[in-house]
Each structure stands twice: as C-alpha cells, then as structure tokens.
Amino acid sequence: MAGLEVATRPTNLLLVSAGCFAGTLIGMLPGLGPVSAIALLIPVTYAFDPAGALILLAGVYYGAVFGGSTSAILLNAPGVAGTVATTFDGFPLARSGAAGKALAVAAYASFSGGTLAAVMLLVAAPALATVSLSFQSPEYFALMVLGLIAVTAFAGEGGFAKSTLMAVVGLMLATVGTDRTDGVMRFTFGRLDLLDGISFLLLAMAAFALSEVLLAALNGETRQTTNKLADMGSLKLSRKEVQDVAPAIGRSSLLGFLIGVLPGAGATIASFMSYAFERNLAAPKAQKEFGKGSLRGLAAPESANNAASSGSFVPLLTLGVPGSATTAVMLGALISYGINPGPSLFVDRPDVFWGVIVSMYVGNVVLLILNLPLIPYFARILALPQTFLVPLIVFFCLVGVYLVSFNVFDLYLMIAFGAVAVVLRRFRYPMAPMIVGFTLGGLLETNLRRSMVLYDDSFSFVWERPITLLIMVLTVLIVLLPVLRKRWRRAVTD
Amino acid sequence: MKAFSERLMALAFVAFCLFYGLSATTIAVFPGREHELITSRSFPYGLTIVGLLCALYIAVKAGADAEAEEAGQPVRRQLDWLRFAALIAVSVAYSFLLERTGFIVSTTLFLAAGMLVMGERRWVPLIAAAVAPPLIFWALLEFALDIHLPSFSWPGA
C-alpha cells in the first residue's frame with residue numbers, strides 16, 4: 001500500500017509521464033538507448049526526492065525501450081541488442097503495409113509484459129533474488145549456449161548450416177579487442193581503434209538498417225517504386241489475432257521475467273529465446289510466417305524484452321547487484337541519492353522499494369496511453385519516398401554509431417560491414433545468428449573459461465551440476481525437436 | 001551459375017576462417033599460462049574449426065542444392081550496382097568530411113548527394129530535406145541533450 005501511495009502522488013505521476021515521454025523520444029534516436037537516456041537525465045533527477053527520482057528514471061527506461069522498438073519496426077534499425085528480435089517480424093509487417101498494427105502490437109505486448117512482470121516482482125522479488133544467486137559460471141555458460149542455439153536452430157532463411165556459420169562469425173567478431181580474462185590483445189592488427197572491440201550498435205546497424213537501405217538502392221527502388229510503406233494500415237486487431245497473440249504474450253512475459261532476474265542475462269537473451277520458443281511452439285503453417293511478418297513473432301520478443309527489463313530490477317533492488325548496463329547506471333544513481341540497495345532496502349526505505357515497483361506498472365499504463373495516439377504520427381516516417389528515406393536512414397545509422405564512440409574509424413568499419421552484409425543477405429546468410437553470437441560471445445567465452453578453471457580444465461561441469469545439465473538437455477531438445485517432429489508426422493501419414 | 005556462386009561464397013568463408021585461425025596463432029599468451037589447457041587462443045581455435053566445418057559443408061551441400069533449385073528459379077531482376085557503389089562512396093566521403101568540415105556542412109552535403117544518387121531531381125524538396133534534418137538534429141543534441149557534434153573550423157584556425 002505504501003508503494004501505491006508513493007507511485008500515485010500527483011508529482012510522481014507527472015514524473016513517470018515525463019520520463020516515459022522523454023525516454024520514448026531519446027530511445028527513437030539512433031545510438032541513444034536506455035543506458036544513454038538514463039545517464040543523460042540523472043542530473044535532472046537531483047531536483048527530486050529519491051523515490052521521485054527513481055520513478056522518473058524507471059519511466060525513462062520503459063520509454064526508451066519502447067522508443068527503440070519503434071525505430072526497429074519502422075526502419076529495421078535496432079538501437080539496442082534487446083530489440084534485434086523485434087525487427088524479425090516487425091519490419092516485414094511495416095513493409096507489408098501494417099506498420100500501425102505492428103506498432104500497436106508492440107505497445108500492447110510491452111504493456112502486458114511490463115505489467116505481468118511488475119505483478120511477479122511484487123509477489124516474488126525476494127525469493128527470486130535468492131534463486132538467482134545459485135546461478136554460477138557453468139549455468140551462465142549453458143544459458144548462453146541455449147540462447148545461441150535457440151536462434152540458430154530457428155533462423156529459417158538459408159538453413160541450419162548457414163545459421164551456424166553466421167553464429168560462429170558473430171562469435172569470431174566478439175573476440176576482437178582486449179581479452180577480458182587475460183587482458184591480451186586479439187585480432188586488433190595493431191590498431192588502437194579496435195582495442196575495445198567492435199561496438200554492438202555498429203554491427204547491428206550495419207547488419208540490419210544499413211544493409212536494408214543498400215539493398216533498396218541495389219534493387220533500384222526509387223521514388224517511382226510502389227511504396228506500400230506509405231499505407232499505415234489499421235491499428236485494430238481482429239478477435240483471431242488477439243487469440244493468437246495473447247497466449248504468446250503470457251508465455252513470453254513469464255520467460256522474459258525469469259531470464260531478466262538473472263544478473264547478466266537480461267533483455268537480449270530473453271527476447272531471442274522467447275522468439276525461438278514461440279516459433280517452435282507454433283503449428284507448421286504459422287511457423288512459416290515467422291520472419292515474414294508474424295504478429296506472434298513480434299509480440300513474443302516485445303513482451304519478453306519488457307518483462308526482462310522489470311526482472312532486472314530484482315537483483316538491483318534486493319541484492320544491490322546490477323543485472324544489466326542500464327541497472328548498473330541506476331545503481332550509481334541510487335548510491336548518489338544516498339541509498340544503498342540490498343536486502344535491507346525494503347525494510348529501511350519501503351517508500352523507495354515499493355514505490356519503484358508500483359511505478360513500473362503505472363509507467364506501463366502511461367506508456368500505453370501516451371504512445372497509442374502517437375502511432376499514426378510515428379508511422380508517417382514510412383510515407384517518405386525512398387529517394388529521401390534511404391539517405392536519411394544511412395545518416396541516422398552513421399550518426400548513431402558516431403555518437404557512441406566519436407570515432408570516424410567506426411564509420412568506415414560500419415560501411416564495410418554494411419556492404420558485406422548486402423552480399424551475404426543476397427546469398428541467404430541470416431544476420432540474426434551473427435548478432436546473437438556477437439552479443440553473447442564475450443560472456444560465453446568468459447563463463448566457459450571460468451567453468452573450466454573451477455573444474456580443473458574439464459567439461460565435467462556440464463553433467464555434474466544439475467541446473468547446467470537441465471539447460472544443456474533443453475538445448476539438445478531444441479536442436480532435435482524439429483527433426484523428431486518431422487519424423488513423427490511422417491510416421492503418422494504413413 | 002547459382003551453384004557456382006554459392007560455392008564461391010562458401011570458399012570465401014573458408015578463406016576467412018583460415019585467416020582468422022592463422023591470426024589466432026599470433027595472439028600473445030599471458031606469461032605463466034603457456035602450458036595451460038585453456039588460453040586466449042583456445043576459443044578462437046575452436047571457432048576456426050567449427051567455422052571451417054560449416055563452410056566446407058555448405059560448399060559441398062548447398063552448392064548441390066542450388067544446382068537442383070536453379071531450374072525452377074524465376075528470372076532475377078536487374079541490379080543497380082552503380083547506384084549501390086555510389087551510395088557507399090557518398091557514405092565514405094561523409095565519414096571523411098564529418099570531422100573536417102563539421103556536422104552541419106558535411107551532413108547537408110551528404111543528404112543532398114544521397115538524394116541525387118537515389119534519383120531525386122526536384123530541387124526545392126531536395127534542398128529542404130538536406131538542410132532541415134541536420135539543423136534540427138544538431139539543435140536537439142546541442143541544446144536539449146548537451147551533446148556536442150563536430151563544428152566547422154577554418155583551416156589553421
């Protein structure tokens with residue numbers, strides 16, 4: 001009740017609304033994701049009491065996540081790793097003239113994911129925090145392998161071999177830079193620009209947004225090209241669509257929240273895994289629609305992404321352990337307000353603890369009310385002729401990457417990656433496994449090496465630790481399930 | 001033809017994996033860890049092997065699949081390689097000019113050139129669309145977010 005009282009104070013309602021609005025605008029800009037949005041607004045929060053400040057930051061967080069989804073759907077430009085899976089079906093939907101519906105589904109899915117997660121947070125936060133502590137390097141390694149295989153196995157385009165190869169290329173690119181364990185340089189070829197490795201944004205923008213517009217130029221799409229994008233379509237969902245999407249949102253929210261609770265796992269793995277999970281669960285006919293504009297394929301990662309964002313607050317508020325880069329910035333903010341997050345937080349400062357949790361729910365409501373009416377205006381971006389849209393998207397990609405590092409070398413690298421991505425896409429090499437491999441590569445290697453050290457250079461941790469074994473069995477099942485399903489169907493028809 | 005280019009692509013991956021694997025042999029090993037089983041080179045070596053296996057499999061299998069598919073393929077549309085190359089060249093030029101001529105000048109030039117490359121010939125909308133976005137973007141970052149983009153400075157200033 002204390003939380004409800006804090007969250008519904010007029011000032012705090014105003015703060016969460018302002019946060020959501022500012023977050024959405026900043027999240028839509030290339031290169032500025034939730035981390036940058038929160039970091040930029042921390043100085044503003046010093047004017048408020050700690051609970052109000054955190055409520056404002058939580059609003060910014062949700063707004064930025066939703067803003068990122070908007071650019072992922074409309075421009076195929078995922079600004080952060082958590083929205084890469086959103087592009088798989090969101091962008092094809094926008095291209096086929098259903099941009100309005102895609103944005104509406106994203107808004108509903110984000111709202112539902114965030115709401116369900118806020119309820120779960122309210123009920124199970126302290127208990128889940130204890131469970132998350134039992135996850136050690138071997139479990140994290142297994143979880144990363146599961147996330148990687150889940151996407152590779154269902155990448156669809158080009159077949160399993162091409163997906164695996166692209167995942168390996170992603171892992172290879174992740175090894176560029178300073179080795180996290182030993183601190184030695186790898187594949188930098190003497191260039192200082194590569195010491196920190198290749199930036200995620202650079203690779204994601206090159207693989208998706210930049211290659212998309214370069215492909216448009218290659219295919220000769222000009223002003224005269226019939227542009228379906230100008231048609232926003234209806235925002236309304238049919239009863240059948242709701243029936244199709246609702247269970248997927250429920251399942252993905254639960255999965256997203258549980259993954260989000262684990263420090264380090266976060267929204268990226270959650271969104272990829274829920275996408276793969278839904279695709280595997282779908283009937284063969286619905287499965288073929290994944291990647292071509294499936295509403296279910298869009299709703300799953302969106303709800304999981306949002307639920308994981310809420311889940312990542314569990315270790316932050318209950319243990320003082322930031323589960324992601326964003327919550328790490330928030331931890332810094334908390335400390336600067338004179339609050340020490342940890343097991344005693346909800347005893348010492350119940351107003352902050354419960355106020356933030358309830359404001360998450362309020363934030364989701366505000367986000368929905370704010371964004372639904374704005375969808376037609378967002379979608380108008382797509383009505384621009386290709387002659388204007390293509391150079392503008394290239395500009396957004398280049399400036400987005402420049403804003404992160406302020407290094408021109410990154411721009412050259414991005415253009416080169418974009419050109420290579422065009423060639424690869426023409427040969428039906430999927431980009432998604434490469435991005436997943438790249439995102440998880442560093443953590444995968446670090447956790448593997450730590451696990452090997454713990455078990456005297458042996459792989460025995462795979463079968464000696466029950467949770468690791470369980471996750472590994474799940475991984476094998478994911479690979480085998482389509483084969484088994486095919487055989488089963490053949491046996492039935494015979 | 002399709003099978004040939006598929007195989008060529010797979011062989012390009014084989015070459016990439018070999019280059020990656022060979023480069024991995026030059027990674028320095030942390031002093032005192034030379035005799036350990038897992039070093040900074042181990043993961044790259046493992047990736048090289050998996051990558052090579054996948055690429056060779058695609059070269060053999062996907063090439064054969066492409067041959068089988070080829071007969072049923074529709075005629076490919078004409079590709080505009082010139083426009084593709086021009087857009088890349090304009091992007092490279094923008095990257096080169098960004099810190100030399102400042103954000104507003106370089107972005108305006110880039111957008112105008114990009115629109116011309118894409119076939120836009122209506123001058124008034126072209127100029128408006130090339131000038132307005134950089135100014136709005138610059139003002140937003142400069143005044144609202146306090147992020148400073150490169151500005152124009154005279155040579156020698």
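Throughout, read-outs are computed from the coordinates displayed, never taken from laboratory work. Given the structure is predicted, the values throughout are model-derived calculations rather than measurements. Backbone-built Cβ (ideal geometry, glycine too); neighbour counts: all protein chains shown.
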Evaluated at 4 °C with a viscosity of 1.567 mPa s, what Stokes-Einstein diffusion coefficient in µm²/s does chain B have when Rh comes from the Kirkwood expression over alpha-carbon pairs? 62
For A:430-440, what's the mean count of beta carbons from other chains sitting within 10 Å of each residue's beta carbon? 0
Expected integer from the mean partner chain Cβ neighbour count at 10 Å over B:39-49 is 6
By how many nm would the segment from A:Val423 to A:Asp456 grow when fully extended, if each residue of separation counts as 0.36 nm and the alpha-carbon distance is taken off? 7.5 nm
Quick check: residue separation of A:Leu122 and A:Val473 times 0.36 nm, minus the Cα distance between them. What number comes out in nm? 123.2 nm
Could you work out the local net charge near A:Asp410, counting Lys and Arg as +1, Asp and Glu as -1, over the other residues with Cβ closer than 14 Å to its Cβ? -2
For region B:16-45 and region B:82-137, write down the distance between their C-alpha centroids in whole Å. 43
Anything in chain A that counts as a DSSP H helix reaching 30 Å or more along its axis (C-alpha) with Kyte-Doolittle mean of at least 1.0? List them, would you? A:50-75, A:99-133, A:350-379, A:466-493
Under 13 Å from the Cβ of A:Leu195, count the other residues' Cβ atoms, weight Lys and Arg +1, Asp and Glu -1, and hand me the total. -1
State, as an integer percentage, the relative contact order of chain A based on alpha-carbon contacts under 8 Å between residues 6 or more apart. 29
What order, most packed first, do the peptides A:68-75, A:474-481 have when packing is the mean number of other Cβ atoms within 10 Å of each residue? A:68-75, A:474-481
List the relative contact order of region B:81-144 as a percent without decimals, with contacts defined as Cα pairs under 8 Å and 6+ residues apart. 33
Neighbour-count order for A:Thr493, A:Thr387, B:Thr25, fewest beta carbons within 10 angstrom listed first: A:Thr493, B:Thr25, A:Thr387
Rounded to the nearest Å, what's the spacing between the alpha carbon centres of region A:461-476 and region A:238-254? Just the number, please. 30
Over all Cα pairs of chain A, how is the pair count split among 20 Å bins, expressed in % and running from 0 up to the last occupied bin? 24, 58, 17, 0
Env charge @ B:Ala129, Cβ radius under 12 Å, K,R +1 / D,E -1, value 0
Can you tell me the orientation of helix B:123-139 relative to chain B, as the angle in degrees between its alpha-carbon axis and the longest Cα principal axis, to the nearest 10? 80
Rounded Å value of the spacing that divides the Cα centres of region A:440-460 and region A:160-189: 16
How do A:Asp89, A:Asp456, A:Asp348, A:Asp182 rank when sorted from fewest to most other Cβ atoms within 10 Å of their own Cβ? A:Asp456, A:Asp348, A:Asp182, A:Asp89
Value of relative contact order over region A:325-484, rounded to a whole percent, pairs C-alpha under 8 Å and six or more apart: 5
Just tell me how shielded A:411-418 is by partners: mean number of partner chain Cβ atoms within 10 Å of each residue's Cβ, no decimals. 3
Ascending count of other beta-carbon atoms within 10 Å, so fewest first, for A:Leu165, B:Leu82: B:Leu82, A:Leu165
Note: probe point = Cα of B:Tyr57 + 7 Å toward Cβ; backbone nitrogen < 16 Å; residues of region A:442-481 passing the test are A:476-481
Residue-averaged [θ]222 nm for chain A, counting only DSSP H segments that reach four residues, each worth -39500 (n - 2.57): -24500 deg cm²/dmol
P(r) tail fraction, region A:399-449 - alpha-carbon pairs more than 14 Å apart, %: 67
